There are 2 protein chains.
Amino acid sequence: MKTSSERQKAVRDYLTKSSVDAIIIPSGDNHFGEYYQEYFACRKWVSGFTGSAGTLVITSKNAALWTDSRYFVQAENELAESGVVLMKMKVEGTPSIPEWLKAEVGRTGVIAIDGQIVSKSEFDSLSKALCPIVLKSVNDPFQDIWENRPLLQFNKVISLDIRLAGETITSKLERIKLAMPPHENLVYIISSCDDIAWLFNLRGSDIPFNPLFASYAVVTNEKSYLLVNEGVVDNSLQKELMSHGVEIMNYSNTGQFLSSFDHSFSIIAPADKISISLYNQAISGGARFITDEARGGITGALKAIKNSVEQNGFREAMKRDAVAWVKFIMFMEGELEKESGNLTEHLLAEKIALLRAESPDYRGESFHPIVAFGANAALPHYSPSGDKPVTIRKEGFLLVDTGAQYIYGTTDTTRTFSLGELTEEQKRDFTLVLKGMINLSRAIFPKGTRGSSLDFLARGPVCSAGKLYSHGTGHGIGHYLCVHEGPQSIRMEENPVELKPGMVTSNEPAVYVPGSYGIRTENVILCKEYEANLYGTFYNFETLTLVPVDTRAVIVSLLGNEEVEWLNNYHKVVFTTISPLLKKNEAEWLKARTASIG
Amino acid sequence: MKTSSERQKAVRDYLTKSSVDAIIIPSGDNHFGEYYQEYFACRKWVSGFTGSAGTLVITSKNAALWTDSRYFVQAENELAESGVVLMKMKVEGTPSIPEWLKAEVGRTGVIAIDGQIVSKSEFDSLSKALCPIVLKSVNDPFQDIWENRPLLQFNKVISLDIRLAGETITSKLERIKLAMPPHENLVYIISSCDDIAWLFNLRGSDIPFNPLFASYAVVTNEKSYLLVNEGVVDNSLQKELMSHGVEIMNYSNTGQFLSSFDHSFSIIAPADKISISLYNQAISGGARFITDEARGGITGALKAIKNSVEQNGFREAMKRDAVAWVKFIMFMEGELEKESGNLTEHLLAEKIALLRAESPDYRGESFHPIVAFGANAALPHYSPSGDKPVTIRKEGFLLVDTGAQYIYGTTDTTRTFSLGELTEEQKRDFTLVLKGMINLSRAIFPKGTRGSSLDFLARGPVCSAGKLYSHGTGHGIGHYLCVHEGPQSIRMEENPVELKPGMVTSNEPAVYVPGSYGIRTENVILCKEYEANLYGTFYNFETLTLVPVDTRAVIVSLLGNEEVEWLNNYHKVVFTTISPLLKKNEAEWLKARTASIG
């Protein structure tokens, strides 16, 4: 196996051959989702840094990698032998990539970037920041450099039954056309695989955790096109799609197909979800480009509003998931009682997946599971490894954050369990996190409210103790799609997207005490219409998650009456809904664990 | 007195004479503050519409006035005989001014606007929206049209003692220069009279409620200039200003002075706080223009952070004001007991001003007082009139929202009094408004938090009852300056300005039940540093207002323990701080009114 230095050398040979001064190697693929195939892991392959976020820049002499604070320690270790300088983002004194490049290559430099994996908006803003240095979109340089590169996977595409999707392809296409700007001869390009999966009621398995397949879609007023690899859509599925006016085309011909639209057409796409190379091909035939200004794109905005069938699917998924959680917690506690010393984070992470797999409708995990004992939970993105087993003992907290894909919905739940004696500070923190989660769950808010207006309901109780979690409170969640889905969010940062009935979002306040413990309590909530009256229209949330909260750490006096009432009522719903699906001893256990407090 | 039609005729003669197709007549003056002198009330003079917000547009044949929902009824009445069409803003089907003008004057039209009273940013965005119609900045057309026009007032300017201002002019000038962009030969133009009053530790009396004087300021790296009308600054004050390097120049020469800066200078100003005519003059000598991008402008951003002397001044002002409020409430209740039928809203509005005037440091009201009985309080901007006296009876609620200027600070307080039997709904609404006010008062939040993140703390309780107030929760407040001051705010709407220690803001949740009652409870809060620890820096609020809350309508069970505790503690502070300043019977009354609840 070659070293990072040898791989950098190969990249530098490419620079010389191509007469460019440097190359920027970002993370990601041509569909701009959260996960991508190993084929696209060029940055990792060259640098050796395995974190999910990072950008590598290589000049003829130097190399540097920019990443954020989550990965500082990991990156330092992984880059140690590589000669790649670690650039700590948001740390004072760290230059930006353009600043560093200006010092490295001078004003007349030319920088290459793979135009396939950088969006038009990123490319434009990077170009602007680099000026007068020229940024040049190039074809994937790793085609020649990377020996034994993993192959791209193109797995079979499956159809999602209309009884699970709740809306026909034809109806979705009609709604997209209605949402498009009033121009003639529009050509709408969709690069986001989850938007495409939603639009055509299809699912795939090309990447981990997200049930997606590599594809593009093109929607015109007359017709729509699904561009996939040959053979992934079988004949009967192809027929079904054709009945909705969908023509199957070859994925590898996407650019060529788009270049066939001449000046009588207008191409439209979200600028942050179309690669600069596809954009260049799309306008090469003479078509003009219109930016899809809808937050998350037209399709993403429609997809975010779950229809009633999808909502019921979520409810069903939550039931199945809760059954697995009950069995999981009982298993964990039983093993802990044995004090065998065999209970590890990794074992528990595997156990919950096995328990979920008992449902025939389970389709895999929705993200890499987090099972974090003690101080490990203070790292928000910790994940257990099979190589270094961490034994769980009867002390402190255990944080478990896992989610699943079912054919009718996606789950994402965090519970923090009290395994032994706790300090007053731990109990207070646990209670404040719970208080924040309940505050947000109970919110009633006017139409037009953005997530940023509600974030502090969840965050405030933790801040009142002079503590803080640095992540958002809520992310959108897809319907048997990506567990992280836009465009809405519930965070401190401004996001102009209004919360609307049908949106599904997580609710996950937390506290992390470095080196000591971490607490997070996460439910999934559905935005609904609460009331319309002379003051306007009001929305509220329905909590979808049905997993009992471990109340052993709760300091009841820190909760208000209405908060205690909410929790007791929640547990009543959990018991009533889940107990019929359990064995007798499990139902008894659940009865005890959902008993009222206060 | 001429009719509106006759005045419109005079305007149309001007259009003909000037070869323009229409004129846009906005509200406001050349300093872009909340209040302006009667001299600038051209829109009112022509149309007869007296509301504070509205834009009149006159073409050769038609006239229309755009205003918002607060003024629909009033505008309909006042415009009835004028022939001016009322354009209801934000109502479906209402054209925008550019849309209407495009239909009226066609593509080749030319539209005039008084360049003195429209900001550069407004002018630019209006020009863009009108294109291809040409928008032309003209000199005030009403100089010739308006017979017997009120004269501009230029009253004596007074100096604010350094013991009240807390920072020298020299120091403030230094801080402005430090905040300016790193260019040579910068010329910073300030048009906002409150920024100028703050910068030079001066106050005036040219307009109602705001202790300001008509002026411009120009700050260069070498020197600064205060442009005021001749004679308003006396010799000793002039000497004092000169000792800080401030040169006095003539207000009417501002444009001419600015045009003297040639291409070796860069002019800088906030684009929304410099008139297009002054901008045109400023660049006429060849200087280039840089937009002051600081929210509220460089000076406004500095002014918003009150120094410790100003903070203490606020505390002193709140004490004086609380004494007047105690006397006022006792008077009101005494008169009510007499049941003489003589107690009117108007009389109470005058009474509180008289009581405040007992302090030698009182300098007038900080805004038009609101004393609103019963259904009148459902109009958020109601103000009592002497012409139509409204008698106050022992029933329902009385809402009093008034504020004062003291030489050491500005106040703004709203209390809602229970005058008789209340319904359960009224009591619940009162309690929820109070709960919201307390929630915000108790907030502890991380550095970097914007007001929009905290708004829902105050708004949420009212929303939980399916009700809503449509205004913001908090506005900035000046130090013996404008009661409405930027740039921070606490509202639903995004405002990127972060809350910072030293900022003074109102906290005024409310509920309005149309035709029935209105409730608002308003304190003034000061942002302070609460704690700095490993999680970061946290801020909280100190409540400055010291006026007892009428607790008779409180439903204690709707408040949490910590909220009750906050209120009881607040009342303890009110009693301890204010009672030494009261007569014995007043102190006894206050003791009863600040008794603990719950």
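For a Förster distance of 45 Å, can you work out the FRET efficiency between the beta-carbons of A:Val573 and B:Lys88, rounded to the nearest 0.05? Efficiency for this residue pair is about 0.45. Each of A:Leu65, B:Leu544 has some number of other Cβ atoms within 10 Å of its Cβ, and from fewest to most they run B:Leu544, A:Leu65. Remark: A:Glu240, A:Glu563, B:Glu310, A:Glu485 ranked as A:Glu240, A:Glu563, B:Glu310, A:Glu485, counting other beta-carbon atoms within 10 Å and listing the fewest first. Can you compute the label reach from A:Glu562? Point 7 Å from Cα along the Cβ direction, backbone N cut-off under 13 Å, restricted to segment B:534-559. The answer is B:555-559.
Relative contact order of segment A:490-530: what whole-number percent is it, with Cα pairs under 8 angstrom and at least 6 residues apart?
The normalised contact order for segment A:490-530 reaches 43 percent.
With r defined as the distance between the Cβ atoms of B:Glu494 and B:Thr537 and R0 fixed at 25 Å, what FRET efficiency is calculated, to the nearest 0.05? Before the final figure, lay out the partial values.
Working: r = 22 Å, r/R0 = 0.90.
After rounding, the FRET efficiency stands at 0.65.
Under a 5 Å amide H cut-off, with hydrogens placed 1.01 Å from N, A:Ala22 pairs with A:Val110, A:Ala112 among residues at least 5 apart or on other chains.
When DSSP assigns beta bridges and you keep just the ones with both residues in the protein assembly as shown, what percent turn out antiparallel, to the nearest 5? Intermediate results must be reported in sequence, preceding the final value.
On the way: 122 of 170 bridges.
Within the protein assembly as shown, antiparallel bridges account for around 70 percent of the total.
For a label point 7 Å from the Cα of A:Leu354 along Cα→C-beta, name the residues of segment A:380-420 whose backbone N is under 12 Å from it. No residue passes the distance filter. Summary for A:Glu350: label point 7 Å along Cα→Cβ; distances to the equivalent points in the other copies, ascending, 8.8 nm. Charge dipole (Cα centre; +1 on Lys/Arg Cβ, -1 on Asp/Glu Cβ; no other charges) of chain B amounts to roughly 280 debye.
A simple rule links phi to the HN-Hα coupling: the Karplus curve 6.51 cos²θ - 1.76 cosθ + 1.60 with θ = phi - 60°, which for segment A:303-311 gives 4, 5, 8, 6, 6, 5, 5, 4, 4 Hz, with x for Gly and Pro. The label-point distance for B:Thr108 and B:Asn185, in a model that sets each label 7 Å from Cα toward Cβ, rounds to 4.3 nm.
Set the Förster distance to 51 Å, then compute FRET efficiency between A:Asn155 and A:Ser19 from the Cβ-Cβ distance, nearest 0.05.
Taking R0 as 51 Å, the efficiency between A:Asn155 and A:Ser19 is 0.85.
Projecting label points 7 angstrom from Cα along Cα→Cβ for B:Arg552 and B:Asn250 puts them 6.2 nm apart.
Take A:Lys427, push a point 7 Å out from Cα through the beta-carbon direction, and compare it with the same point in every other copy: 3.5 nm, smallest first.
Against chain B, whose longest principal axis comes from its Cα atoms, helix B:561-578 is set at around 80 degrees. Take each residue in B:532-543, count the other chain C-beta atoms within 10 Å of its C-beta, and the mean is 3.
Using a cutoff of 8 angstrom between alpha carbon atoms and counting only pairs six or more residues apart, the relative contact order for chain B works out to 10 percent. State the Cα centre-to-centre distance between segment B:325-373 and segment A:469-497 in whole Å. With segment B:325-373 and segment A:469-497 each reduced to a Cα centre, they are spaced 51 Å.
Using the 7 Å Cα-to-Cβ label point, sort the distances from A:Ala179 to its equivalents in the other copies shortest first and give them in nm to one decimal. A:Ala179 label point versus its equivalents elsewhere: 4.2 nm. Distant-in-sequence amide contacts of B:Thr344, defined by a placed amide H-H separation under 5 Å and a gap of 5 or more residues or a different chain, comprise B:Ile392.
Determine the alpha carbon to alpha carbon distance for each of B:Lys427/B:Lys591; B:Lys172/B:Lys351; A:Lys90/A:Lys136; A:Lys128/B:Lys223 and list only those over 29 Å.
Values: B:Lys427/B:Lys591 23 Å; B:Lys172/B:Lys351 39 Å; A:Lys90/A:Lys136 26 Å; A:Lys128/B:Lys223 37 Å.
Cα-Cα > 29 Å for B:Lys172/B:Lys351; A:Lys128/B:Lys223; rest within.
Using only side-chain charges placed at the Cβ, +1 for Lys and Arg and -1 for Asp and Glu, the dipole size of segment B:219-321 relative to its Cα centre rounds to 340 debye. Each residue in B:Ser452, A:Ser236 was given a count of other beta-carbon atoms within 10 angstrom of its own, and listing them fewest first yields A:Ser236, B:Ser452.
Cross-link partners of B:Lys156 among lysines, defined as those whose alpha carbon lies under 16 angstrom from its own and excluding same-chain residues fewer than eight positions apart: B:Lys239. In percent, rounded to a whole number, the relative contact order of segment A:4-145 is 26, using alpha-carbon pairs under 8 Å and six or more apart.
We did not get these values from a lab; they are worked out from the coordinates using the rules stated. Everything numeric here is computed off the predicted structure, so don't read it as measured data. Backbone-built Cβ (ideal geometry, glycine too); neighbour counts: all protein chains shown.
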